[in-house]
Structures are given as C-alpha cells and as structure tokens.
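Here's the structure we're looking at; comments come further down.
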Amino acid sequence: MTKAHILILTDLDGTLLDATTYSYEAATGALSAIQTLGATLILVSSKTRSEMEPLRLRLDNRHPFIVENGGALFIPMGYFPFPLEQAAPRGDYEVVEIGTPYVRLRTALKEIGGDLGCRLRGFGDLSLEEVSDLTGLSPAETLLATQREYDEPVVVESNGMVWNRLSAAAATRGLRWTRGGRFYHLMGGNDKGVASRRLIAWYERRAQQEGRALITVGIGDSLNDLPMLEAVTYPILVRKPDGSYDSDVQFPHLTRAEGVGPVGWNRSLMDLLPTL
C-alpha cells in the first residue's frame, strides 16, 4: 500500500515561532524531518497575508496557508488537480474568503465599546509605534501586521470586563471573539477550524485520487487554536512562555508537549513523526 501522506497544521506565534524573538531556530530539527518525510506543513495564523509571505519564503514553504484566524485560505495557483469550491483567483493564488471584511469589524468594535462603556482599542486605533511596542515587531514587520483584511486584534483596557458581555455584544452583530497569545480578536464566522477543515477535505480528496491515506497533525498554544486542533487526528498543545498550558484548551486525545513554543513543537514532532 502507498505510504500515507502526513499533513501538519501549525500556529505560528508562541508555537512554531518563539513568542518573544519570533525565531523558529529551536524547531529546525523537526522542520528538517518534515522535509525528509515529504510531509506537508501548513501555516495557520492570526497573522496577515503580508506577514506570512516573507516567512513562507524563509521556510521555503510553497503550500497553502491560512491567514487571520481562518479569515481566508490562500492556495498557490494550480496546487490541487481539481477546481476549488468558492475560490477566486488573486495574483498567484486561489483565495477562499471566509471572514468578515475588516471595515465592518472596525465599525462593530466602536459600537461594542460604546455599548459596554469600555475602551476597546484595535490595531486600527493604534499608531505603528504602539503596535510595535505591544508585539515586539520591527517597524517594517509592524507595517505588515497592520495590513488586516478579516480579523481585528484588540486591547481590552478594563480589568473588570467580563468575557460573556464581550461575546454577547459581538453575537448581536453576527460576530465573535477569540483569544490569541497577546490579544483578543474580533472576527466573523471564521475560525482556524473552519478553514482547516476546508483545506483538509481537499487534501483528503487528492490523497484518495493517489490511493493514499491522509494523517493530520495540529499544533497550537492558545484558545484561538482550539478549533484547528479539534479538526485533526493528532492534536498537540505546546507550553506558553510561563511554562503553563492554556487552560481553555482541553479535550480528549490532546497531547501536551514538553516544552515552550518551538522547543515543545520540535520535541513533540520528533517523537510523533517516527510512529506515523
């Protein structure tokens, strides 16, 4: 029987990338193993397309990728040998848009802040210097991070703000919140799981045509990764910078990696891949 194809979906910040330095150096062993095995690595992030394209070049990653918490799927033109449902050509990609347009998110954020009487500051309210201070990104990287299309990272400046009040205020507008490593995120009906399942279905279809099985692995560190982790066969949670695991990410069959960010990422894959 033809060898199964391994599909690995990974979060970036705090997972493959160090939460402070944004380096993937600690993960180079597993990255090499993935290449040797002929496995496919899919980058799934709250980052923008503008941020992810330079990283893909550095990683020599030519596969589809998922931006802004599942806001859209970018598939290199001609990557799959069949038409992709709801995909539209854009430059070198076929793009499937799942998320809500950014301008609508910005309007809703102002309304929610007014309704709840609290200060909600999104990237659209912050200067480039403020975003850089909050993220630790360079000025050039910060500019790419603010080129948002489907997801608004938000600083909630109220210690007493209750999550369920934020959720309810978003829900009345057909929107929702999630939480990443640094920010709350306001978005539409998208999440990393919706986009991941769509992409996995295409890989399964291609694997069937090739007479192969498909094995799926997912790695993340935060609540916004939960839908993606639930979509795969082998879900892995890495430790946060303080050594803890996100307590909101819990479900059966979840592997908790020994190690923070890319250290845990590397260790868990080096243990798992030889068994698949």
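The values are calculated or read from the model by the stated rules, or taken from the named source; none is laboratory data. Keep in mind it's a predicted model, so treat the numbers as computed, not measured. Quick reminder, even Gly has a Cβ in these numbers, built from the backbone with ideal geometry, and neighbours come from all protein chains shown. Calculation scope for accessible area: heavy atoms of the full protein, side chains included, ligands and nucleic acids excluded. Shrake-Rupley method; radii C 1.70, N 1.55, O 1.52, S 1.80 Å.
List of remarks:
- A Stokes-Einstein calculation at 10 °C with viscosity 1.306 mPa s, built on the Kirkwood radius of the chain over Cα pairs, returns a diffusion coefficient of 83 µm²/s.
- Surface exposure of the chain, expressed per residue as accessible area with a 1.4 Å probe, stands at 44 Å².
- Between 0 and 90°, nearest 10: helix 49-59 axis offset from the chain longest Cα axis: 30
- Atom-type composition of the exposed protein surface of region 3-99 places 50 percent of the accessible area on carbon and sulfur (1.4 angstrom probe).
- One chain, two ends: D133 and A171. Fully extended at 0.36 nm per residue, the span grows by 10.6 nm beyond their Cα-Cα distance.
- A straight Cα-to-Cα reach below 15 Å connects K110 with the aspartates and glutamates D125, D151, E152, E157, residues fewer than 8 places away in its own chain not being considered.
- Sparsely packed GluC sites (Glu not before Pro) within region 12-114, loop by DSSP, other Cβ within 10 Å at most 12: E85
- Alpha carbon convex hull of region 1-64, projected area averaged over orientations, nm²: 4.7
- Average projection area in nm² (convex hull over Cα atoms of region 84-242, one quarter of hull surface): 11.6
- Using a probe radius of 1.4 angstrom, the carbon and sulfur fraction of the accessible surface of region 114-222 is 48%.
- The slack in the chain from T233 to T2, taken as 0.36 nm per residue of separation less the alpha-carbon distance, amounts to 81.2 nm.
- Cα-based equivalent ellipsoid, region 56-163: semi-axes from gyration tensor eigenvalues, Å: 32, 18, 11
- Restricting the trypsin sites (Lys or Arg not before Pro) of region 77-125 to loop positions (DSSP other than H, G, I, E, B) with no more than 16 neighbouring Cβ atoms within 10 Å leaves R119.
- In degrees, nearest ten, helix 102-116 long axis to first principal axis of the chain (Cα): 50
- For the chain, built as a Gaussian network whose Cα springs stay under 10 Å, the top-fluctuating residue of V260, V44, V162: V162
- Label point of D271 set 7 angstrom out along Cα-Cβ; within region 31-52, no amide nitrogen lies under 14 Å from it.
- Computed extension gain for D242 through Q35, at 0.36 nm per residue and net of the alpha carbon distance, reaches 71.5 nm.
- Taking only Cα atoms of region 13-109, radius of gyration then Dmax in Å: 15.1, 47
- Choice from R256, R239, R173 with maximal GNM fluctuation in the chain (Cα, 10 Å cutoff): R173
- Separation of alpha-carbon centers, region 68-140 and region 183-262, rounded to whole Å: 19
- Counting only alpha carbon atoms, the long axis of helix 28-37 and the longest principal axis of the chain meet at about 50°.
- Note on the chain: with a GNM built from Cα contacts shorter than 10 Å, the maximum mean-square fluctuation among L137, L12, L37 falls on L37.
- Solvent-free Debye scattering, log10 I(q)/I(0), computed from the Cα coordinates of region 149-276 at q = 0.09, 0.11, 0.22 Å⁻¹: -0.32, -0.48, -1.31
- Loop GluC sites (Glu not before Pro), region 173-272 (other Cβ atoms within 10 Å of the site Cβ: 15 or fewer; DSSP): E210
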